[in-house]
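Note sheet for the following structure.
The values are calculated or read from the model by the stated rules, or taken from the named source; none is laboratory data. If you're wondering where the values come from, they're calculated on a predicted model, not measured in any experiment. Every residue, glycine among them, receives a Cβ derived from its backbone with ideal geometry; neighbour counts consider all protein chains shown.
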Amino acid sequence: MNRKISPSIKDAVDFSLTLKPYQSATLDNGIPVYMIDAGSQEVVSLEIVFPAGKVFEDDRKLSAVTNALLKNGTQTRSALEINEAFDYYGAFCKCTRRNESADISIHSLSKHLDKLLPVLQDMIENPVFPQEELDIYIQNNKQNLQVAMKKCDYVGDLLIDRYVFGPAHPYGSYTRPEDLDRITREDVVSFYNQHYVNAGVRIFVAGRLPNGIVEMLNASLGKIKAKAPEKDFPLIPVHPAEEKKFRVTNDDTAVQGAIRIASPFPGILHEDYADSFVLNTLFGGFFGSRLMRNIREDKGYTYGIHSFIQSNMHQSAWQISTEAGKDVCEAAIKEVYAEMEKLRNEKIDTQELLLVKNYIMGIMLSSLDGPFKIMSRWRRIVMNNLPDDHFQKTITTIKNASPQKMQELANKYLRPENFYELVVY
């Protein structure tokens, strides 16, 4: 090697990225298991996914509380004993409620997984949802909610979804203190029986898998009452607001406003999603985006502004989010629409588009760093019923994105008349 000669520079778009394939199995009760055996450390991540997310709840807001209380006591273990079981083996257990699913996940040393699986089985099969634990949950969340509702950015996030999806849609509804007061233990048990018992469960496990992992899972999780997962989630009608512009005063002493601008978008399954992801990145999806260069760097209206496309399966939204001084909120909104107009009327420079492609490919590369991140990619594909070659098709779409295609999508989606506009002061 001649160190006087600098190495050649290679664009990230020239990299050949592949997604390591998973192994699959089916437990005795019909639960599919997706496995990635990789990594250099003797650690493992296991995630059990239930069809019990926000999209399945009614006005009682039960999905979050039911998921949270799964680890707060069973017929044989108290909440303290469950937590001590995980702590003893240096493991971490987390319950997460998402829009379309609810999860129980653990991170553990590979050699201890067999000792933790019976605890997981007990949490899933025999939760008792103690009244005292429910009371603590309600009290804590009411206090957290009271604090959060004083923050303009939090209120802005709630209201913009309400305008785009409608107050009756799970994505557009939000929890209020009086909703928490109406929750009873019987409600929680009913939601559990409907969405956790005999439900369509999936299991994702990644890391240095112990020998006999399938038999190990079958001995515990293969005994819970479950069935093969459904192929799709329910499609709930959207009833967006008739008005498009809103100004809300949440704090009379606020010195800045939370700006939220959002438009309905078809969702992750739509054929335009991958190309629109490239366009969104250029528009406001990274630090060097047009919105950042204009509104932050040039105008100085905000410390940061970004845009993103929600990754829901069917019903989604394209959103711009920022906070700015009260005296410049309207000017900042005007500049957002000005950047949309440029993208509609002017073709993107090929060098700027190449920069964005390289950035995205770098993000894609980092998402393949280790078995946990690889499984996260597969989880997204499996949960959205996408084909196994979805990742490769996405990479191809990103590499082939053209200025003409970006302009076409900008004229289709980045039209001010389609956007709901909100400022919360």
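Values as computed for the structure displayed
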{"item": "Selection from region 289-321 of residues that are touching a strand residue (DSSP E or B) at 6+ places or on another chain (Cβ under 8 Å), polar (S, T, N, Q) and more than 30 Å from Leu235 (Cα to Cα)", "result": "Ser289, Thr302"}
{"item": "Count of residues meeting criterion [acidic (Asp, Glu) and touching a helix residue (DSSP H, G or I) at 6+ places or on another chain (Cβ under 8 Å)] in region 1-33", "result": "2"}
{"item": "Options Glu100, Glu132; residue that is within 30 Å of Gly39 (Cβ to Cβ) and acidic (Asp, Glu)", "result": "Glu100"}
{"item": "Wholly enclosed strands (runs of 3 or more DSSP E) of region 217-320 bearing at least 1 residues closer than 30 Å to Ile203 by Cα and not polar (S, T, N, Q)", "result": "256-265, 305-309"}
{"item": "Considering residues of region 381-393 that are of a type outside the set (Phe, Trp, Tyr), in a helix (DSSP H, G or I) and closer than 21 Å to Ser16 by Cβ only, the residue nearest to the chain's Cα centre (by Cα)", "result": "Ile381"}
{"item": "Selection from region 215-246 of residues that are under 19 Å from Leu109 (Cβ atoms) and in contact with a strand residue (DSSP E or B) (Cβ under 8 Å, 6 or more places away or on another chain)", "result": "Leu217, Leu221"}
{"item": "Pair list, Cβ < 6 Å and 6+ apart or interchain, from region 265-286 residues that are farther than 19 Å from Ile381 by Cα to residues that are charged (D, E, K, R)", "result": "Phe283/Arg290"}
{"item": "Unique residue being within 26 Å of Ile224 (Cβ to Cβ) and touching a residue at least 60 places away in the same chain (Cβ under 8 Å) when the list is Arg185, Arg202, Arg162", "result": "Arg202"}
{"item": "Filtered residue count, region 149-207, keeping only those that are touching a His at 6+ places or on another chain (Cβ under 8 Å) and on the phi > 0 side of the Ramachandran plot", "result": "1"}
{"item": "Which listed residue is surrounded by 20 or more Cβ atoms within 10 Å (Cβ to Cβ), over 30 Å from Val328 (Cβ atoms) and touching a residue at least 60 places away in the same chain (Cβ under 8 Å), from Phe372, Phe419, Phe391", "result": "Phe391"}
{"item": "Scan of region 34-47 for residues that are among the β-branched types (Val, Ile, Thr) and either out of contact with any helix residue (DSSP H, G or I) (no Cβ under 8 Å at 6 or more places or on another chain) or surrounded by fewer than 22 Cβ atoms within 10 Å (Cβ to Cβ) (or both), ordered by number", "result": "Val43"}
{"item": "Flag for Ile106 being buried (at least 21 other Cβ atoms within 10 Å of the Cβ), at pLDDT 95 or above and assigned to a strand (DSSP E or B)", "result": "yes"}
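Table: residues versus (1) crowded, with 21+ Cβ neighbours inside 10 Å; (2) at pLDDT 95 or above; (3) in a strand (DSSP E or B).
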position: Asp135; (1), (2), (3): no, yes, no
position: Gln146; (1), (2), (3): no, no, no
position: Gly156; (1), (2), (3): yes, yes, no
position: Asp161; (1), (2), (3): yes, yes, no
position: Ala168; (1), (2), (3): no, no, no
position: Tyr174; (1), (2), (3): no, no, no
position: Leu209; (1), (2), (3): yes, yes, no
position: Val214; (1), (2), (3): no, yes, no
